[in-house]
Amino acid sequence: MTYINYLINFITILAVGYYSATVLQWYSYKLNRVIFKFSKWQWHILYFVLPVATYYLAGKFFWIYLVFGYLPALFIWNKKLDKKLVFTARIKRFFVLLISLTLLSYAFDYYFKTPHGIFLPLVLAVIGSEIIEWILFNGYKKEAKNRLNQINPKIIAITASYGKTSIKNFLYQLIQEKFNTYKTPRSVNTLKGIVQDINTSLPVCDVYIVEAGAREKGDIKEIAEFVENEYAIIGKIGPQHIEYFKSIENIINTKKEILLSPKLKKAITYEVNEDKCIEIKDKIKNIKATLNGIEWDLEYKDQTLHLTAPILGSFNAINISLAFYMAKELNIETDYLIRKVAKIEPIPHRLQKIEVGGKVIIDDSFNGNIEGMLEGVNLAKQYNGRKVIITPGLVEANDELNTKLAKAIDDTFDIVIVTGSLNRHVLCENIQKPNKIYLADKSKLEKILAENTKAGDLILFSNDAPTFI
């Protein structure tokens, strides 16, 4: 094998490895999700299958395809992505391993005339990376457990199909002035994310609020058994991620794993009635939601409290009520909590109202469940002016739910901008009345909005999906 051939081989392996690392990072390094749940399967054909197959079939002419076909196409593909590869420590280790295995294959080829290509180093790098990360994670997990034991805060774990992050942030706002409180950042809600957060960011505190999410059975159990939360909140449960869990019953049972903490004292739930649980579904009444906020009545013990909050979305009455009940478990005064609820701040990108240039913008781009998205549509219906919605539809949901969303949109909006190809067919088929605009590339969205909206319009950003979805 000549030095030129070695160079071509090396560049090809790095290029295909870059594509592989990118898609693995998108799907939390779950190979089964990359293979079976990837919606842009054409990308796998163009950027993995085709270059690998061409390498073995084209022989000495492969360099032509590499230089004039694959590398330019991969460059353009990467440039258009709105979620590019982040060179984390894990990704750096992957490439060190990939390069090492490639160079080792060259040594075998040189000394033993062993045939090699590009597929084996890639496969071994993925497998080896998994082994290395498993070993490292177990070390990080022990370190995090020791740190938790050393700080010894009260731990409140929160899970739900909808609104985990909102409940977490609302609870934090209600109790932060009474207790030295820390919460997991952003939407960090996996065991690996929590372990990393503990090791890198958790300060000495009195209360640690942990968000717990799941893609499969056992995920929340792992979190509960690791953090050993004394308190839990289970919010509203519904068909979110139904394609992974297959049934509502599986989703309910997975959310209830938060109760398996060996130190659990009390759980506040919306509609789960188990030992140590306080169920509050029937205690939330008379919810009124407008574009200015929400108000509702909440029964607590022998009192009926009237609460108001400058937050959009009737479902947030549920989320705030769950946080309210948990704050009461921490012995915070009722009058104080009522005042705090009245001043509670919205969560960015979750029915966040913004007024710019005479336009009313409702940023609900981080809300991806059917109930939340329908609530955004219902709020927009109250607006008297022209209404515009930008949405990719529901992700990780079936056509039935997207049809339901489309029909609600059809009755409300004047202009609908559909982003991405995932739900284009089902949305456009069921949206008839409004003017429809399809955007395959979100980079043109600003231009489209400038051309199609004016002062006095309401613009709803309903869910957002990265390019790869």
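List, please: which pairs have Cβ atoms under 6 Å, are six or more places apart or on different chains, and start with a residue in segment 410-434 that is at positive phi and in contact (Cβ under 8 Å) with a residue 60 or more places away in the chain and end with one that is assigned to a strand (DSSP E or B) and surrounded by 17 or more Cβ atoms within 10 Å (Cβ to Cβ)?
As it stands, the answer is none, since no pair meets every condition given.
The rows are residues; the columns are (1) not in a helix (DSSP H, G or I); (2) not assigned by TED's automatic domain parsing to the domain that holds LYS404.
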{"site": "LEU322", "(1), (2)": "no, yes"}
{"site": "ALA327", "(1), (2)": "no, yes"}
{"site": "ARG339", "(1), (2)": "no, yes"}
{"site": "ILE344", "(1), (2)": "yes, yes"}
{"site": "VAL360", "(1), (2)": "yes, no"}
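Quick check on ILE294: is it under 23 Å from LEU458 (Cα atoms) and at pLDDT 95 or above? Write out each step before concluding.
Values: under 23 Å from LEU458 (Cα atoms): yes; at pLDDT 95 or above: yes.
It is true that ILE294 is under 23 Å from LEU458 (Cα atoms) and at pLDDT 95 or above.
For the structure I just gave you, tell me whether LEU98 is outside any helix (DSSP H, G or I), in contact with a helix residue (DSSP H, G or I) (Cβ under 6 Å, 6 or more places away or on another chain) and touching a residue at least 60 places away in the same chain (Cβ under 8 Å). Before the answer, list the steps.
Values: outside any helix (DSSP H, G or I): no; in contact with a helix residue (DSSP H, G or I) (Cβ under 6 Å, 6 or more places away or on another chain): yes; touching a residue at least 60 places away in the same chain (Cβ under 8 Å): yes.
Taking the combined requirement at face value, the residue does not satisfy it.
In the set LYS256, LYS263, which member is basic (Lys, Arg), assigned to a loop (DSSP other than H, G, I, E, B) and closer than 30 Å to GLU216 by Cα? Explain how you work it out, then say what you get.
Values: LYS256 fails: assigned to a loop (DSSP other than H, G, I, E, B).
Just a single option satisfies the conditions, and that option is LYS263.
Provide a single number: the residues in segment 305-347 that are surrounded by 15 or more Cβ atoms within 10 Å (Cβ to Cβ), over 16 Å from ILE278 (Cβ atoms) and in contact (Cβ under 8 Å) with a residue 60 or more places away in the chain.
Total meeting the criteria: 9.
Count, please, the residues in segment 269-304 that happen to be charged (D, E, K, R), in a loop (DSSP other than H, G, I, E, B) and either touching a residue at least 24 places away in the same chain (Cβ under 8 Å) or on the phi > 0 side of the Ramachandran plot (or both). Full working, then the answer.
Filtering segment 269-304 down to residues charged (D, E, K, R) leaves 271, 274-276, 279, 281-283, 285, 288, 295, 297, 299, 301-302.
Subsequent filtering for residues that are in a loop (DSSP other than H, G, I, E, B) retains 271, 274-276, 301-302.
Remaining after also requiring either touching a residue at least 24 places away in the same chain (Cβ under 8 Å) or on the phi > 0 side of the Ramachandran plot (or both): 271, 276, 301.
The qualifying residues number 3.
Got at least one residue in segment 452-464 being modelled with pLDDT under 95, polar (S, T, N, Q) and farther than 25 Å from GLY358 by Cα?
no
In segment 386-417, how many are under 15 Å from ASN452 (Cα atoms) and either of a type outside the set (A, V, I, L, M) or at pLDDT below 95 (or both)? Give the steps one after another, and end with the answer.
Pass one, segment 386-417, residues under 15 Å from ASN452 (Cα atoms): 386-390, 413-417.
If we keep only those that are either of a type outside the set (A, V, I, L, M) or at pLDDT below 95 (or both) as well, we get 386-387, 413-414.
Going through segment 386-417 one residue at a time, the tally reaches 4.
Conditions first: (1) over 28 Å from GLU396 (Cα atoms); (2) touching a residue at least 24 places away in the same chain (Cβ under 8 Å); (3) over 26 Å from the mean Cα position of the chain (by Cα). ARG93 passes all but one, so which condition is the exception?
Every condition holds for ARG93 apart from (3).
Tally the residues that are assigned to a helix (DSSP H, G or I) and surrounded by 15 or more Cβ atoms within 10 Å (Cβ to Cβ), restricting the search to segment 15-68.
Filtering segment 15-68 for residues assigned to a helix (DSSP H, G or I) gives 15-26, 31-36, 41-68.
From what is left, the residues that are surrounded by 15 or more Cβ atoms within 10 Å (Cβ to Cβ) are 15-26, 33-34, 43-44, 46-48, 50-52, 54-55, 62-63, 65-66.
Summing the residues that are assigned to a helix (DSSP H, G or I) and surrounded by 15 or more Cβ atoms within 10 Å (Cβ to Cβ) in segment 15-68 gives 28.
Show the residue pairs that are 6+ apart or on different chains and have beta-carbon atoms under 7 Å apart, the first residue being within segment 361-385 and over 11 Å from GLY313 (Cβ atoms), the second being basic (Lys, Arg) and part of a helix (DSSP H, G or I).
As it stands, the answer is ILE370/LYS404, since those pairs meet every condition given.
So, in segment 187-227, of the ones that are assigned to a helix (DSSP H, G or I) and basic (Lys, Arg), which residue ends up surrounded by the fewest Cβ atoms within 10 Å (Cβ to Cβ)? Lay out the reasoning, then the answer.
Pass one, segment 187-227, residues assigned to a helix (DSSP H, G or I): 191-200, 219-227.
Still in the running and basic (Lys, Arg): 192, 221.
Working: LYS192: 16, LYS221: 19.
Per the stated criteria, the residue is LYS192.
The values are calculated or read from the model by the stated rules, or taken from the named source; none is laboratory data. Note that the structure is a prediction, hence the values are computed from the model and not measured. Glycine gets a Cβ as well: all are built from the backbone with ideal geometry, and neighbour counts include every protein chain shown.
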